[in-house]
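What follows is a single structure, written as structure tokens, with notes after it.
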Amino acid sequence: MAYAEDFERALQVGRPPNIQKLFPNSRALLVSGKAVDRAMRAKGKAIAMAANGRNTFVIRGALRAAQRANAALIIEIAKSEGGQKAYCAVNYWNMARIVDAFCNEMGITVPVAIHADHYGIKNDKDLEQAKVEVPTMFEAGITSIAIDASHQPNDLNLLANLAVNPYVPAWASLETEVGEIKGSTGLSTPAEALFLIEGLNAHGISADWIALNNGTTHGIEASDAGIQVDLTAEVHKVLEPYQVSGAQHGTSGNSSERLRQIAARTHTTKANVATALQMISWGLEVNDYGNAQLDADGNFIKVKGEGVTEEMWAEVVAYANDKGWKKGDYKNLNLPFESRFLAQPAEIRERMVQRVEDFAYGMMTNVLGSGDTAPLAVEAILEAGSYDLGPKAERIADPAEWTEEKIIERAKTLDGDKGAEGDFDD
């Protein structure tokens, strides 16, 4: 019963101020992602699942899986999924409320971080909007954020991160990104990653995670190229003095074995899982790592008696066909169909959630190695005696060498290749 006692203590000191204000009577342990990252590092060769809550069935299933695995968890949504132009009913401003309610309803006691993933900043207009919008997201219960200006040149990426940082609470976990996630083109380099992390460090900012373009894509993976483990390990080695962990994107298109290699050979502690969980909740046939399978005619295979009803799936396909949507566009179905899915009988809703739970549990325990990390996250909170765990690394870089003018000049020496042009929205 030691964990039960520690959980009670962590409830008192581990919930950030915004969570305390929003949910004063809650027994949900919503925490900064710093606690989740520290737990994975403490266990070693462990990666937290960052489940993209594209629908409420995924959120329920991921929470149940984490409780079953005794694993610290991240629930997240990206700007494209849950921003102002969202294609999901779950968004930046209601996600914490949904997670908190579900945790209390189901008696979830593992620590959960609420992460705003891929907060994209592609131009000056986005940057100005961020200064207004980011505070509203934390007011709504976000406890972690990924500032993603990777679509821009290296100097503007760093400068955008610096400009937005004053609007991110110091206790919140921070992810940054170098290189757009677009498959085998425009791969990130160690020099680019070091430029970004060292520049942040010079300004007193200790990023918890860095995401790379290390060979993956978002959505349905059409090839088996996937994560380049050697490149990832090389980048993480260069960044070791700064104690930054890796955030792995695009896991739905990668085999379990490749993900195990990432856990074993790199400093990755966060793995985003989005498309796989969506497809599983709907009842589609997937392979062992969640990539949806297609029949001879190139259509998704609906498993009879799993996920949504067969009648509902026929409605989904008809709707997508009417819109002229391809397989990669099916993510846009989340918003128009959330209410329809919720209007199904209880036993149908339950089997949607159960399917997510079973898959997520297997991934947490057999692939990512995050089982039994919940006590380690609580331990990190109790050791700090606070919701604010502080930075992992002190300032190393000289701020005098990282003025705006010097950042622009330094960036000119980098050889980064942004890769092919196109729509690589996250």
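Residue pairs whose Cβ atoms lie under 7 Å apart, sitting 6 or more positions apart in sequence or on different chains, and linking a residue in the stretch 231-249 that is assigned to a strand (DSSP E or B) to a partner that is of a type in the set (D, E), are S245/D37; S245/D208; A247/E175. Answer with yes or no whether A397 is more than 30 Å from W282 (Cα to Cα) and small (G, A, S). Judged against the criteria, A397 is a match.
Could you list all residues from the stretch 80-98 that are outside any loop (DSSP other than H, G, I, E, B), of a type in the set (A, V, I, L, M) and crowded, with 24+ Cβ neighbours inside 10 Å? Within the stretch 80-98, M95, A96 meet the criteria. Taking the criterion of being part of a helix (DSSP H, G or I), charged (D, E, K, R), surrounded by fewer than 24 Cβ atoms within 10 Å (Cβ to Cβ) and in contact with a helix residue (DSSP H, G or I) (Cβ under 8 Å, 6 or more places away or on another chain), the only residue of the stretch 28-55 that qualifies is K43. Out of all the residues in the stretch 227-262, which are more than 18 Å from the chain's Cα centre (by Cα), within 26 Å of A397 (Cβ to Cβ) and not charged (D, E, K, R)? Result: L231, A233, V235, H236, V238, L239, P241, Y242, Q243. When the stretch 118-150 is filtered for residues that are within 18 Å of the chain's Cα centre (by Cα) and outside any strand (DSSP E or B), the ones remaining, listed by number, are I121, V134, M137, F138, A140, G141, I142, T143, A149, S150. Taken over the stretch 169-194, the criterion of being outside any strand (DSSP E or B), buried (at least 23 other Cβ atoms within 10 Å of the Cβ), at pLDDT 95 or above and not small (G, A, S) is satisfied by E192 alone. Of the residues making up the stretch 3-24, those that are in a helix (DSSP H, G or I), in contact (Cβ under 8 Å) with a residue 40 or more places away in the chain and within 16 Å of A96 (Cβ to Cβ) are P17, N18, I19, L22. Going by what's in this entry, would I114 be described as touching a Lys or Arg at 6+ places or on another chain (Cβ under 7 Å), in a strand (DSSP E or B) and in contact (Cβ under 8 Å) with a residue 60 or more places away in the chain? No. Do you know which residues across the stretch 25-58 are without any contact (Cβ under 8 Å) to a residue 12 or more places away in the chain and acidic (D, E)? Across the stretch 25-58, there are no qualifying residues. Residue-level check: of (1) surrounded by fewer than 23 Cβ atoms within 10 Å (Cβ to Cβ); (2) more than 17 Å from V378 (Cα to Cα); (3) touching a Lys or Arg at 6+ places or on another chain (Cβ under 8 Å), L11 misses just (2). Check I74 against each of (1) outside any helix (DSSP H, G or I); (2) of a type in the set (V, I, T); (3) more than 17 Å from the chain's Cα centre (by Cα) and name the one condition it does not meet. Single failed check for I74: (3). The stretch 272-374 holds helices (runs of 4 or more DSSP H) entirely within its bounds, and those carrying 3 or more residues that are among the acidic types (D, E), free of Cβ contacts under 8 Å to residues at least 24 places away in the same chain and over 23 Å from E76 (Cβ atoms) map to 310-323. Checking each residue in the stretch 250-267 for being within 15 Å of R41 (Cα to Cα), part of a helix (DSSP H, G or I) and in contact with a Ser or Thr (Cβ under 6 Å, 6 or more places away or on another chain) picks out only I262. Determine whether I77 is surrounded by fewer than 24 Cβ atoms within 10 Å (Cβ to Cβ), without any contact (Cβ under 8 Å) to a residue 60 or more places away in the chain and among the β-branched types (V, I, T). In short, no.
The values are calculated or read from the model by the stated rules, or taken from the named source; none is laboratory data. What you see is a predicted model; the values in this text were computed from it and never measured. No Cβ is skipped: glycine too gets one built from the backbone with ideal geometry, and neighbour counts run over all protein chains shown.
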